[in-house]
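Novice: I have a structure I would like to understand better, so I am pasting it below and will then ask my questions one at a time.
The values are calculated or read from the model by the stated rules, or taken from the named source; none is laboratory data. Everything quoted here is computed from the prediction, not taken from an experiment. Quick reminder, even Gly has a Cβ in these numbers, built from the backbone with ideal geometry, and neighbours come from all protein chains shown. With ligands, DNA and RNA removed, areas are computed over all heavy atoms of the protein, side chains included. Shrake-Rupley method; radii C 1.70, N 1.55, O 1.52, S 1.80 Å.
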Amino acid sequence: MISQFFVLSQRGDNIVFRDYRSDVQKGSAEIFFRKVKFWKEDGKEEAPPVFNLDGVNYFHVKVVGLLFVATTRINLSPSLALELLQRIARVIKDYLGVLNEESLRKNFVLVYELLDEVVDFGYVQTTSTEVLKSYVFNEPIVVDAARLPPLGPAALFMQGTKRMPGTAVTKSVVAHEPGGRKREEIFVDIIEKISVTFSSSGYILTSEIDGTIQMKSYLTGNPEIRLALNDELYIGKGGISSYDYSGSSGTGAVILDDCNFHESVHLDSFDVDRTLSLVPPDGEFPVMNYRITQEFKPPFSINTLIEEAGSLKAEVILKIRADFPSSITANTILVEMPLPTCTTR
Amino acid sequence: MAPPAQSQRSPSPSQPSGCVGMLTSEGDLGCGEMAKLVNCSFVFSATQTLGNADKNSDDSNSRNTNPHFGSNRKGEVSDLKMQLRQLAGSRAPGSDDTKRELFKKVISYMTIGIDVSSVFSEMVMCSATSDIVLKKMCYLYVGNYAKHNPDLALLTINFLQRDCKDEDPMIRGLALRSLCSLGVANLVEYLVGPLGSGLKDGSSYVRTIAAVGVLKLYHISASTCVDADFPALLKHLMLKDKDAQVVANCLTSLQEIWSLEASTSEEAAREREALLSKPVIYYFLNRIREFSEWAQCTILDLVSKYVPSDSDEIFDMMNLLEDRLQHANGAVVLATIKVFLHMTLSMTDVHQQVYERIKAPLLTLVSSGSPEQSYAVLSHLHLLVMRAPFIFSSDYKHFYCQYNEPFYVKKLKLEMLTSVANESNTYEIVQLRPKSLGSISVTELCEYVANVDIPMARESIRAVGKIALQQYDVNAIVDRLLQFLEMEKEHVTAETLVLVKDLLRKYPQWSQDCIAVVGNISSKNVQEPKAKAALIWMLGEYAQDMQDSPYILESLIENWDEENSAEVRLHLLTAVMKCFLRRPPETQKALGAALAAGVADFHQDVHDRALFYYRLLQYEVSVAERIVNPPKQAVSVFADTQNNEIKDRIFDEFNSLSVVYQKPSYMFTDKEHQGPFAFSEELGNLSISAEPADSVVAAQRVEENDQDLLLGTSEKEESQGSGNNGSAYSAPSYNTTGAAQPQLDLVSLDQLSTVHTSGSLAIDELLGLGMPAATEPSPAPLPSDLKLNAKASLDPKAFQQKWRQLPVSFSQEISIDPEGVAAMATPQALPQHMQSHSINCIASGGQAPNFKFFFFAQKAEESSSYLVECIINSSSCKVQLKIKADDQSTSQAFSEMFQSVLSKFTLP
């Protein structure tokens, strides 16, 4: 049960404020912002997503630079509150197509309408865009998507205009196309976050993949969709001895350490032929999350060489090698090298 | 006194509207206001964007402190009012669109905190429309202002009631929701009818809203809600309705209503308990997949309080819920895990299997969500790792930090690495693993130390030190720490010095190695008070091994006036004393200077300590030696580890904020907000009694200590040191070696004896013992030779379980001294009295004339417990006793004892 929900801009302005239980003081948004902004005097430590101030618990998540905040006085499950905030953000994005400060400001009446249906008297009712569609009547005012920030992970391997990652789609689930025609579309993204630690000599120390299969559906009539995964997919290290496959990555077997699925996914035939069947609800949702620690070939390898050249000077040589076919291009690659603040070029 | 020009510009929000702010500048502003105006205009001149306009309105939020600002807005608002009035009766085509625009503007003002309640009647007039979007905006507006303008709210009743009968279920639902959200006490009579029909509505949408509406009504007027018999209706709906969301809302509403009602009504308490009966629980469990993920969380939370009758039932339930662990929503997974963990608490093997089973889903959740969600899950993982480090010891790589993670995630991961590393070393010897896991983690941690991120580096050093303090094999780690000192980075040196000091207190055998390195550190490079204090302590403690010690101290004393930290000055005094006692000729001069400076110091503690040393030396040097520099025992356990009771309490509250804050809920929530089912339901309408004062003190202390773990020890030394005048070193060791310390006899003997007479609490305070109820003087002589454990402890859950399982071994009604009854006026008097005889109160409640208490006691040196239900009627002076005991044979003896103790209860 939450008491209030509000969205603050980076500067701390109230964009949306909804009080559900009126048992937390009205000025909570300001109190919250002050606390987050000046968490530690040196400003170097970030405020944790959950904290307690004078008996009020504040939860917040950061989405595209906006702060989505919920307050409560009870000892609530933190996962529930944070998950809810994330979902609210997602629902709003489904409706507005683009989630940013401008679109929120232009559509705040719609957002209030959504909030009324999502939470009643502090209790969550539904966060499904599909269900909400029948209760919500405001039409979104679409914001020009041209000035959007880069797309994030999905933009990396974007090629041409033919294939477009679902995260790049800035179309509202309810807005009509010009001409009244609705395009039957569904977007399926596989987004993998790869974490690899290389030793100074270039060997892989640790490697992990956190993956998500994300869907964004604009299909009408709720047809059933079947999603076939790799036949040689195993779940859990216990299922198959990983030693059998070490060094034989050519067999194509994929061993997931663990995975979880969206509510709508039926796993009836998953054990037989690795097929997921689902009736995709409207809007964006993760079909499946998974985790792999099996050995794999990372897309990039990195090599560093540091030489001390004099007492106040060091030379760093950083080599990055792309280990994938030249037919694929990788965009928006960012290399970051943390250095002490006293460093100059 | 015209306001400055810029301030006339109205920062119009969102749409460039037709109604430009008309400023009716009020002529007679006072000087004070003028100042505000200037201030205000300054802000304004920079703004045209909505963002900054919000900032200003935030200021005006505090009830329009700025009159000018108010009037400016008033201009716009009155303009809006006029336009709305014109439109009110209009049925012309397109008028709805205009209305929408106007309504939007009103709501945008409302959002940024401008009072637009003056257009209330116009809004209501305009709401006569079939446009649902308009209606919704109007409802939102009404809901916001009705509470504080009850007269205006009355205006809306009519149209809301009419809408409640609309043929469109959407409008019926919306109107009902708004009606219930008005929150005006004298309008509740209008709510009962629509709510009643809402609960029976054909549309499930209306019913879901009505189910929550009942709860809203309860909060406005509990009696109206109960008198209309709504809870019973909800219960019926909960068990019969076909729509899952209706059922879920009935459940949440009933939980809240009955929990609140339970304090006054026996029946509600019974009803609340009935929610946990087998049929209800199974009803929910069997159809759990029909519910939304959020409702599933509510149900799982309910299930976690259910006590299955046998292990078959437990396995059935776990099989049923097994697939919930694969849910993508972390809240569902954690709620399921709570059910699993709590059900299997008494089945050790299965409990371990549960840990194995939940590991993978938890790790997946950590890596799949946003950093905020990972944080919530990691906090729970952290708790589990602390409880069972060895189960997670092979997963240590998951706790490695990634460079781009937020600090709060890294910090948790570091703590987990520490706790995983310590246990696994023991395990590794058994399993003969080739490489030491401990050292792997330490290697990883050492990488973090070199991090450019300073807070991160500090945390890492603390983590390394913590591993060292927990392990027996510290050789490699001490080497590492000493290497840190050679890195010559100020923050690293500072953090490491504090750790080296603590290490030396635990492992004095390492002193030679450490001192060699520490001796090389120039005191000029150490500025942080804690680090400086640590260095000075080492200089004093190991004066005979460090060649330069007296001279370094001397140079520090020369700069006495520039030393801002009293902590450092106190340490300096003690160190120079120690040094003097070991190397008198070299230190004499420094000591004289230090004492002179100390006595002249403006800080009371420093002054007192200097004077104390001075007089001590005057009296007898050998006595000073025994006080300031006694032989020391190595510290085996530092006192700052959280006590087990608190840890268990947190574990009981799994999947709640307690886990994130690492403290039980009573420390951060007010009683009224502890939520439905916060108390064990078996205890009926009773609330868990306030903790005995001393245990709260202890708990807070634990919390403080926990905040800065190792660093905390030096501070504690300080506070305790000042308690017994002098030797800072001896204080923490009380916890392990008790009162056998020689210096205790010397210095604080008289203090202690006064403490004994003045009450037990003070001892706690003085010695920092974290044991609740542990310090009572030996129990008064008792009628039988039954001895009770003075430190008995039992958590409410276990109590409740026992109470259910055990048969009543003794039941009687007895009379009680009227004087004792009179003393009942002070609520804590009886529990305190009983506690002084080692009988602890676990819950109490009731109102005159009936009071109900639950007590428990444990036999000394045995875990056999006695549970007592004691209902006292203060008007008839009768007491009904029910006693249950693990050991039936002694229950008679215990009941005699209990009665005799009770009979001694009179006015204090």
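Novice: Within the stretch B:341-374, can you find the residues that are polar (S, T, N, Q), without any contact (Cβ under 8 Å) to a residue 24 or more places away in the chain and outside any helix (DSSP H, G or I)?
Specialist: If the condition is that a residue be polar (S, T, N, Q), without any contact (Cβ under 8 Å) to a residue 24 or more places away in the chain and outside any helix (DSSP H, G or I), then B:SER346, B:SER370 are the ones that fit.
Novice: Could you check the stretch A:119-144 and list, in sequence order, the residues that are at the interface with chain B (Cβ under 10 Å from one of its Cβ atoms), under 22 Å from the mean Cα position of the chain (by Cα) and either at positive phi or in a helix (DSSP H, G or I) (or both)?
Specialist: Selection gives A:VAL131 alone.
Novice: If you don't mind, there's one more thing I want to ask. Surrounded by fewer than 23 Cβ atoms within 10 Å (Cβ to Cβ) and aromatic (Phe, Trp, Tyr) - does that describe any residue in the stretch B:583-606?
Specialist: Checked against the condition, which is being surrounded by fewer than 23 Cβ atoms within 10 Å (Cβ to Cβ) and aromatic (Phe, Trp, Tyr), the stretch B:583-606 yields at least one hit.
Novice: Quick one: in the stretch A:6-26, of everything that is over 18 Å from B:ASN144 (Cα atoms) and touching an Asp or Glu at 6+ places or on another chain (Cβ under 9 Å), which residue is nearest to the other protein chains (Cβ to nearest Cβ)?
Specialist: So, considering only residues that are over 18 Å from B:ASN144 (Cα atoms) and touching an Asp or Glu at 6+ places or on another chain (Cβ under 9 Å), the one nearest to the other protein chains (Cβ to nearest Cβ) is A:ASP13.
Novice: In addition: Which ones in the stretch A:285-307 are away from every other protein chain (no Cβ under 12 Å) and open to solvent by 40 Å² or more (accessible area, probe 1.4 Å)?
Specialist: If the condition is that a residue be away from every other protein chain (no Cβ under 12 Å) and open to solvent by 40 Å² or more (accessible area, probe 1.4 Å), then A:GLN294, A:GLU295, A:PHE296, A:LYS297, A:PHE300, A:ILE302, A:ASN303, A:THR304, A:LEU305, A:ILE306, A:GLU307 are the ones that fit.
Novice: Further question on the same structure: Quick one: is A:VAL36 assigned by TED's automatic domain parsing to the domain that holds A:THR126 and in a strand (DSSP E or B)?
Specialist: no
Novice: Determine if the stretch A:68-85 includes at least one residue that is charged (D, E, K, R) and more than 24 Å from A:GLN214 (Cβ to Cβ).
Specialist: yes
Novice: Given the conditions (1) closer than 24 Å to B:ALA269 by Cβ; (2) open to solvent by 50 Å² or more (accessible area, probe 1.4 Å); (3) of a type in the set (S, T, N, Q); (4) under 36 Å from the mean Cα position of the chain (by Cα), which single one is not true for B:ASN840?
Specialist: (2)
Novice: Looking only at the stretch B:493-513, count every residue that is over 15 Å from B:ALA634 (Cβ atoms) and part of a loop (DSSP other than H, G, I, E, B) and tell me the total.
Specialist: Residues flagged as over 15 Å from B:ALA634 (Cβ atoms) and part of a loop (DSSP other than H, G, I, E, B) within the stretch B:493-513 amount to 0.
Novice: Taking the stretch A:262-284 as the search range and keeping residues that are in contact with a helix residue (DSSP H, G or I) (Cβ under 8 Å, 6 or more places away or on another chain) and open to solvent by less than 10 Å² (accessible area, probe 1.4 Å), which one is nearest to the other protein chains (Cβ to nearest Cβ)?
Specialist: Among residues in the stretch A:262-284 that are in contact with a helix residue (DSSP H, G or I) (Cβ under 8 Å, 6 or more places away or on another chain) and open to solvent by less than 10 Å² (accessible area, probe 1.4 Å), the one nearest to the other protein chains (Cβ to nearest Cβ) is A:LEU276.
Novice: Within the set of pairs 6+ apart or on separate chains, which have a first residue in the stretch B:168-191 that is over 20 Å from B:HIS219 (Cβ atoms), a second that is assigned to a helix (DSSP H, G or I) and among the aliphatic types (A, V, I, L, M), and C-beta atoms under 7 Å apart?
Specialist: B:PRO169/B:VAL206; B:MET170/B:ILE132; B:ILE171/B:ILE132; B:ARG172/B:VAL206
Novice: Right, here's the next one. Read through the list (1) more than 11 Å from every other protein chain (Cβ to nearest Cβ); (2) among the aliphatic types (A, V, I, L, M); (3) surrounded by 21 or more Cβ atoms within 10 Å (Cβ to Cβ), then give the number of the only condition that A:ALA29 fails.
Specialist: (1)
Novice: Could we say that B:SER108 is more than 12 Å from chain A (Cβ to nearest Cβ), polar (S, T, N, Q) and assigned to a helix (DSSP H, G or I) here?
Specialist: So B:SER108 does not fit the description; no.
Novice: Determine which member of the set B:LYS135, B:LYS147 is in contact (Cβ under 8 Å) with a residue 12 or more places away in the chain, open to solvent by less than 20 Å² (accessible area, probe 1.4 Å), of a type in the set (D, E, K, R) and on the phi < 0 side of the Ramachandran plot.
Specialist: B:LYS135 is the lone residue from the list that is in contact (Cβ under 8 Å) with a residue 12 or more places away in the chain, open to solvent by less than 20 Å² (accessible area, probe 1.4 Å), of a type in the set (D, E, K, R) and on the phi < 0 side of the Ramachandran plot.
Novice: Ok, one more. I'd like to know if the stretch B:375-386 contains one or more residues that are in contact with a strand residue (DSSP E or B) (Cβ under 8 Å, 6 or more places away or on another chain) and either facing chain A (nearest Cβ under 9 Å) or free of Cβ contacts under 8 Å to residues at least 40 places away in the same chain (or both).
Specialist: For the stretch B:375-386, residues in contact with a strand residue (DSSP E or B) (Cβ under 8 Å, 6 or more places away or on another chain) and either facing chain A (nearest Cβ under 9 Å) or free of Cβ contacts under 8 Å to residues at least 40 places away in the same chain (or both): present.
Novice: Test A:GLU102 against the stated conditions and say whether it is under 21 Å from the mean Cα position of the chain (by Cα), within 10 Å of another protein chain (Cβ to nearest Cβ) and open to solvent by 10 Å² or more (accessible area, probe 1.4 Å).
Specialist: Against the criterion (under 21 Å from the mean Cα position of the chain (by Cα), within 10 Å of another protein chain (Cβ to nearest Cβ) and open to solvent by 10 Å² or more (accessible area, probe 1.4 Å)), A:GLU102 qualifies.
Novice: Still on this structure, I have one more. Select, from B:VAL568, B:VAL623, the only residue that is modelled with pLDDT under 90 and open to solvent by less than 50 Å² (accessible area, probe 1.4 Å).
Specialist: B:VAL623
Novice: For the stretch A:46-88, give me each residue that is at the interface with another protein chain (Cβ under 7 Å from one of its Cβ atoms), in a helix (DSSP H, G or I) and crowded, with 24+ Cβ neighbours inside 10 Å.
Specialist: Hits for the stretch A:46-88 are A:PRO78, A:SER79, A:LEU80, A:LEU82, A:GLU83.
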